[in-house]
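K.L.:
Below: one structure in structure tokens.
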Amino acid sequence: MAKRVVVISSSPRKGGNSDIMCDEFVKGAVDGGNTATKYFLEDIEFESCKACYACKTPQRECFQDDKISLILDDMMEADVIVYATPIYYYSMCGTLKKFFDRCYPIFNHLEDKDYYIITAAGSSNGNALTGIRDFIGFSKNPTEKAVFSAIGDVKNQKDLLEEVYDAAKNC
């Protein structure tokens, strides 16, 4: 059965290590007969959450008029969600954290999703997975399927790229 896949790329660089892995995930998912949508957050102008709680209504709509609401709608409909981040100072990048904050209207309404995590670092993931896993943990019945971590230049890690592709194809 075909699945709906949403990939969130928080890299500041198109073609950066985590973004390359996102592209490989999308390619594998589509080749596996699924539909896949990738959001490159750096291409989307969005503000931080203002903590006004306007989104905590039955409509779960943020007052900010940007494309984040479209992503949140897609996440609600998705079967599979992929979060990808470069690792900065042993943590997820600020863009992904800012995006997570904007997920406030839906974070505890995401239900029965499969999750994949993609990271890219110069030396180590540090504690980056903790924050991402904590966010995923707010959803209902989440399943962490796999974590893909590149250390250094991912273009030289053909086995890892193949692993990402294969997991997505069979997601």
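K.L.:
Compute and list, largest first, the equivalent-ellipsoid semi-axes of region 82-154 from the alpha carbon gyration tensor, each √(5λ) rounded to a whole angstrom.
P.N.:
22, 14, 9
K.L.:
Sticking with this one: What percent do you get for the relative contact order of region 1-113 when only Cα pairs under 8 Å and 6+ apart count?
P.N.:
Computed over region 1-113, the figure is 36 percent.
K.L.:
Also, I was wondering about something else. In nanometres, what is the gap between the two model label sites at Asp153 and Lys140, each 7 Å from Cα along Cα-to-Cβ?
P.N.:
4.8 nm
K.L.:
Working from the pairwise distances between different alpha carbons, so that the mean of 1/r is found and then inverted, what is region 1-95's Kirkwood radius in Å?
P.N.:
14.6 Å
K.L.:
Please report, in Å, the Rg and the Dmax of region 4-169, where both are computed over Cα atoms only.
P.N.:
Calculated on Cα positions, Rg and Dmax stand at 15.2, 48 Å.
K.L.:
Using DSSP to call loops (not H, G, I, E or B), can you name the GluC sites (Glu not before Pro) in region 1-51 whose Cβ has at most 15 other Cβ atoms within 10 angstrom?
P.N.:
Loop-located and lightly packed - Glu45, Glu47.
K.L.:
Could you pull out the chymotrypsin sites (Phe, Trp or Tyr not before Pro) across region 124-171 that fall in loop regions by DSSP (anything but H, G, I, E, B) with no more than 15 other Cβ atoms inside 10 Å?
P.N.:
Taking region 124-171 and a limit of 15 other Cβ atoms within 10 Å, the loop chymotrypsin sites (Phe, Trp or Tyr not before Pro) found are Phe138.
K.L.:
From the cross-link list Lys27/Lys97; Lys113/Lys169; Lys27/Lys145; Lys50/Lys113; Lys50/Lys145; Lys14/Lys50, which pairs have alpha carbons spaced over 22 Å apart?
P.N.:
Over 22 Å Cα-Cα: Lys27/Lys97; Lys50/Lys113; Lys50/Lys145; Lys14/Lys50.
We did not get these values from a lab; they are worked out from the coordinates using the rules stated. Not measured: the values here are computed from a predicted model. Note: ideal-geometry Cβ built from the backbone for every residue, glycine included; neighbour counts use all protein chains shown.
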